[in-house]
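Just so it is clear, none of the values below were taken in a lab; they were calculated from the coordinates. Note that the structure is a prediction, hence the values are computed from the model and not measured. With ideal geometry, Cβ positions are generated from the backbone for all residues, glycine too; neighbour counts draw on all protein chains shown.
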Amino acid sequence: MTTSPIERAADSFAAELARRRVARGMTKKQLAARMGFDPSYVSHVEGRRHRPTEDFARRAEAVLGAAGAIWQRFQEYDELRHARATTTAHRDPPAPGQWLPPGTGLIVEQEVATLTYVDDTYRCVIRRALYNAGTDPVTRYLARIAVDRFPSDPGRSNRHHREHPLTFAELTLAAYCEGEGTREPMEWRKKHDRDAFKEVWLLFENENGKFPLYPGNRVVIEYAYTVNQEKWGNWFQRAVRLPTRQLVVRLDLPADLDPQVWGVETSLSAEEGPLRTPVTRAEANGRVTYEWSTDEPPLNARYRLEWRFRNPPRPPAAAGPVGTKASDRLRAAGIAQLGDDVLRQPVRPFDLPREESEARAVIDQLRAALDRIDDLHPLNTGVGLAAPQLGLSRAAAIVRPPDRDADPIVLLNPRIVDASPDTDEQYEGCLSFFDQRGLVTRSLRLDVEHANVDGGPVITSFEFAVARLVAHEIDHLDGRLYVDRMAPGIPLVPIEAYRETGRPWQ
């Protein structure tokens, strides 16, 4: 017979735990698996043979989503077990608006994961609404990227990714943090780098400062990356690693490929089976969108959408043979090529400082693209890249001088305000049609007005090779190519006959 207040409080905790478990339709074994405990421990707690611990109560609250009831029963028990005077100073009050036990850590209030397939490339965008239910500021968030070209044939897939490893350069990974009307780029730091698997820390900081996620606060983070179809199989999986209120998964596929989509799920306590609710389908403007969602998914559950194209696209181009054209490999790396409309359209300038975050994001993408190009071919005579070459119609470019120790030159809203009458004629190449070279006359000195990311104007003088590189990129922003500046009747030179780039394309 229960006589003491502390025993009655322990009984109340056990009863609340059992009631919430049964209401969720879970066995003791299933609950234990999702909490990371041995099944016998859950039985002992419900049977009043073991007293609850703080860690047990915290995990039970998060897994069962008990709206604070389990944690309240634990606090009642714990406060009787310890004198309030010695414990209150160490307890943080529950955050207003969302009652959760302190120490729970990050909560994903909503995740929206979207995978889009366009022109042989998959673009993955993950948006997570985060709430810090813990007691410490959060300064970084772990993001995982995994590919599997042939998921039904592990041996073949492993061989494929050893020969064609996923690289950070090709991902063009970018991340942002949104909160209270702001959108800040997030820096990231590599944690693991394997052939088919990457892990990065998304940092709540950038060059302008730090913005930790403090206890009781909410933000939305977004990160996005691209992977060529050569390395991505026909599947998109989401794993639940943090307590999550809602998970939404979307596929955006071309209608002309006639996709067929289905889904499967697995958990620690169940083998793979079909999704418990159907995937919805909507078609518009030549695209088909498939969407599936679930509320309060259990920890460690995995949900996967799979598909096949009944009218499949062309097979991915083979990577790496000596005979592959440079322009083909650059297009595969995300560089627009001659004939793409975006190369002939004048760009839109940035409204700075209002669009500072957008400008930084474009510059980040340009830097990442140059890193990808370095993986394909060293360009020892300097290189530049303009936003239109990435399909971005914005007034931004980056130039890396021939001196590799020099800092890259960032150009925002650039315009030439003065040019030397002294000129010379040199061969130029372009990443948007790298298979040829052409003789172009340029000024030996330029004065260029451009902007800092905060909108402040700058005038910089450039000379000789750097002036040529800068002029070439400014032409891109005006929708011009170097062939427009060549003298009539002067032919282009095939790259096979031109060997001044450091080494032939291999």
Can you bin every Cα-Cα distance in region 5-90 into 10 Å intervals starting at zero and give me the percent of pairs per bin, rounded to whole numbers? 19, 54, 23, 5
Test of understanding: express the Cα radius of gyration of region 326-497 as a ratio to 2.2 N^0.38 Å, with N the residue count. 0.98
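D for region 105-189, whole µm²/s, Stokes-Einstein with Kirkwood Rh over alpha-carbon pairs at 10 °C and 1.306 mPa s: what number?
100
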Quick P(r) readout (the chain; Cα-Cα; 10 Å bins; whole %) gives 3, 16, 22, 21, 16, 10, 6, 3, 1, 0, 0
Taking the square root of 5 times each eigenvalue of the Cα gyration tensor, what semi-axes in Å does the equivalent ellipsoid of region 106-309 have, largest first? 28, 21, 18
Fewest-first ranking of S152, S357, using other Cβ atoms within 10 Å as the exposure measure: S152, S357
Ranking W262, W307, W188 by Cβ neighbours within 10 Å, fewest first, what do you get? W262, W188, W307
For the chain: relative contact order, % (alpha-carbon pairs under 8 angstrom, 6 or more apart): 11
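Using a 10 Å cut-off around each Cβ, can you sort S293, S461 from fewest to most neighbouring Cβ atoms?
Numbers: S293 17, S461 12.
Fewest-to-most Cβ neighbours within 10 Å comes out as S461, S293.
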Express in whole angstrom the spacing between the alpha-carbon centres of region 195-224 and region 1-75. 34
